[in-house]
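The values are calculated or read from the model by the stated rules, or taken from the named source; none is laboratory data. In this text, all values refer to a predicted model and were calculated from it rather than measured experimentally. Cβ sites come from the backbone with ideal geometry, for glycine too, and all protein chains shown count toward neighbours.
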Amino acid sequence: MKVVIIGANGFIGHTLTAHILATTGWSVTAIDRNDDRLRPLFGHQRLDFAHMDIRNSHPRIERLVAAADVVLPLAAYARPADYVRDPLAIFELDFEENLHIVRAAERHGTRIVFPSTSEVYGMCPDAAFNEDRSPLVLGPIAKERWIYSCSKQLLDRVIWAMGGRGLRFTLFRPFNWFGPGLDDIADAAPGSARVVTQFMGHLLRGEPLQLVDGGHQRRAFTYIDDGIAALMRILVNENGAADGRIFNIGNPANDRSIRDLATLMIDVIAGFPGYADLAETATIVETPGSTYYGSAYQDVDHRQPDIAAATRWLDWAPQVGLREGLRHMANHYIKRTVPAKLFDEAVP
Ligand code: UGA
């Protein structure tokens with residue numbers, strides 16, 4: 001199978017590329033404007049890396065999509081701080097550029113596996129969000145946080161409608177996937193990383209963890225290996241089980257408040273030899289969302305996935321508990337990133 005991954009240097013992209021090369025005989029064309037995370041894979045005989053900015057490479061992208069069996073357009077801004085800082089960049093990249101790719105897939109009859117997002121449910125009141133039944137609830141226009149959700153939702157709807165006229169597609173909705181390589185933790189700026197990596201950076205530098213609006217908001221954190229396992233089942237697509245369907249890919253058992261996440265992360269760090277002191281002196285402070293993100297921010301109070309569809313059609317269930325996943329992730333950042341960038345002393 002020939003797989004084209006656009007935005008392959010990102011968190012999901014580089015992990016998926018490595019997994020495909022290691023576990024299948026498929027070939028991968030990896031497209032990105034950066035290559036730092038993919039570089040260890042360079043030289044693999046089934047990997048082609050195409051260095052390009054998708055914003056000015058439409059004809060080339062079109063040719064690559066035409067030649068593929070399946071395309072995954074993963075290039076998108078996906079940090080809430082970006083949604084409120086530069087909402088039009090979200091519209092232009094996450095919506096407009098991806099629309100080009102979706103249209104190319106339809107023109108050439110290429111199957112598309114598209115990353116929707118847990119964010120499409122917005123402030124949905126349901127206890128668990130369901131792909132077929134839950135309403136998608138967004139805030140007012142001035143709350144620019146929702147431009148990401150709205151862009152993704154419209155693409156979901158476009159792809160779904162194109163499915164009605166023959167496009168082969170699957171939409172998957174990651175629920176707070178985390179793991180090694182999620183974000184660069186060296187940046188201390190508020191919102192420079194998703195919450196798990198943001199906290200990791202603060203913890204390792206001895207800075208306070210900031211709980212936005214008290215940290216009562218809940219997320220179901222999903223370890224990347226579980227996400228990749230679901231994606232592989234979608235790509236294999238046994239008996240066409242993934243065709244024309246939407247899947248929440250999340251771990252309901254890892255549903256925690258952000259406050260609980262903070263204390264758990266401190267506990268996890270304390271378990272690493274040489275880090276008990278850092279954990280003992282860690283502090284947690286509270287900060288209003290309007291200060292942390294600005295007035296265009298609005299939060300999601302709870303976000304629990306209903307994963308019955310993925311269980312039924314993909315025969316998939318998440319395996320990795322939150323503490324175990326955080327330990328893997330902390331190990332990655334402590335061993336690889338921290339010594340070089342943040343600390344003088346060697347990490348055990
Ligand atoms: C994320 C992002 O939009 C995307 O990565 C993705 O599409 C989706 O949700 C997902 O991964 O499922 P969100 O969960 O709000 O949105 O993003 P985080 O930045 O990880 O924030 C989670 C929660 O932690 C928010 O309530 C935020 O206010 C809070 N937070 C964040 C803090 O309390 N302190 C911080 O330092 C950072």
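Observations on the model:
- Search result, residues across the stretch 266-298 that are of a type outside the set (A, V, I, L, M, F, W, C), buried (at least 17 other Cβ atoms within 10 Å of the Cβ) and touching a Lys or Arg at 6+ places or on another chain (Cβ under 8 Å): Tyr293, Tyr297, Gln298
- Breaking point among (1) within 16 Å of Arg194 (Cα to Cα); (2) touching a strand residue (DSSP E or B) at 6+ places or on another chain (Cβ under 8 Å), for Leu231: (1)
- Index of the failed condition, Thr263 passing every other in (1) of a type in the set (Ser, Thr, Tyr); (2) within 21 Å of Glu286 (Cα to Cα); (3) within 16 Å of the chain's Cα centre (by Cα): (3)
- Of everything in the stretch 180-196 that is over 18 Å from Thr287 (Cα atoms) and of a type outside the set (A, V, I, L, M, F, W, C), the residue that is nearest to the ligand (Cβ to nearest atom) is Asp183.
- Any hit, the stretch 151-161, residues being in contact (Cβ under 8 Å) with a residue 24 or more places away in the chain and in contact with a Ser or Thr (Cβ under 7 Å, 6 or more places away or on another chain): yes
- None of Val338, Val320 is of a type in the set (A, V, I, L, M, F, W, C), touching a helix residue (DSSP H, G or I) at 6+ places or on another chain (Cβ under 7 Å) and modelled with pLDDT under 95 except Val338.
- Inspection of the stretch 213-233 finds no residue satisfying the criterion of being among the β-branched types (Val, Ile, Thr), within 9 Å of the ligand (Cβ to nearest atom), buried (at least 16 other Cβ atoms within 10 Å of the Cβ) and under 19 Å from Ala81 (Cα atoms).
- Some residue of the stretch 154-174 being over 25 Å from Ile101 (Cα atoms) and at pLDDT 95 or above: no
- All of (1) within 18 Å of Arg259 (Cβ to Cβ); (2) aromatic (Phe, Trp, Tyr); (3) at pLDDT below 95 hold for Phe343 with one exception: (1).
- Residue, nearest to Trp160 (Cα to Cα), within the stretch 236-265, restricted to residues that are surrounded by fewer than 18 Cβ atoms within 10 Å (Cβ to Cβ) and of a type in the set (A, V, I, L, M): Ala241
- Residues (within 12 Å of the ligand (Cβ to nearest atom) and surrounded by fewer than 18 Cβ atoms within 10 Å (Cβ to Cβ)) located in the stretch 201-212: Glu207, Pro208
- Any hit, the stretch 75-94, residues being of a type outside the set (Ser, Thr, Tyr), over 22 Å from Ser192 (Cβ atoms) and surrounded by fewer than 19 Cβ atoms within 10 Å (Cβ to Cβ): no
- When every residue of the stretch 222-229 is checked against the conditions, none turns out to be in contact with a Leu (Cβ under 7 Å, 6 or more places away or on another chain) and aromatic (Phe, Trp, Tyr).
- Only a single item in (1) closer than 25 Å to Ile334 by Cα; (2) without any contact (Cβ under 8 Å) to a residue 12 or more places away in the chain is not met by Leu209, and it is number (2).
- Lone unmet requirement of (1) farther than 20 Å from Ser118 by Cα; (2) more than 10 Å from the ligand (Cβ to nearest atom); (3) in contact (Cβ under 8 Å) with a residue 60 or more places away in the chain; (4) in a helix (DSSP H, G or I) for Ala253: (1)
- Residue count for the stretch 39-90 under the criterion of being closer than 20 Å to Thr170 by Cβ, within 16 Å of the ligand (Cβ to nearest atom) and in contact with a helix residue (DSSP H, G or I) (Cβ under 7 Å, 6 or more places away or on another chain): the result is 4.
- Taking the stretch 1-110 as the region of interest, the strands (runs of 3 or more DSSP E) fully inside it that hold 1 or more residues being within 24 Å of Leu154 (Cβ to Cβ) and not polar (S, T, N, Q) are 2-6, 27-32, 70-73.
For (1) over 18 Å from the mean Cα position of the chain (by Cα); (2) among the basic types (Lys, Arg), each residue gets a yes or a no:
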| position | (1), (2) |
| --- | --- |
| Gly13 | no, no |
| Thr23 | yes, no |
| Val28 | yes, no |
| Ile31 | no, no |
| Arg37 | no, yes |
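- Odd one out for Trp177 among (1) more than 8 Å from the ligand (Cβ to nearest atom); (2) hydrophobic (A, V, I, L, M, F, W, C); (3) under 30 Å from Thr24 (Cα atoms): (1)
- Flag: Thr222 matches the condition of being of a type in the set (Val, Ile, Thr) and either within 22 Å of Glu324 (Cβ to Cβ) or touching a Pro at 6+ places or on another chain (Cβ under 9 Å) (or both).
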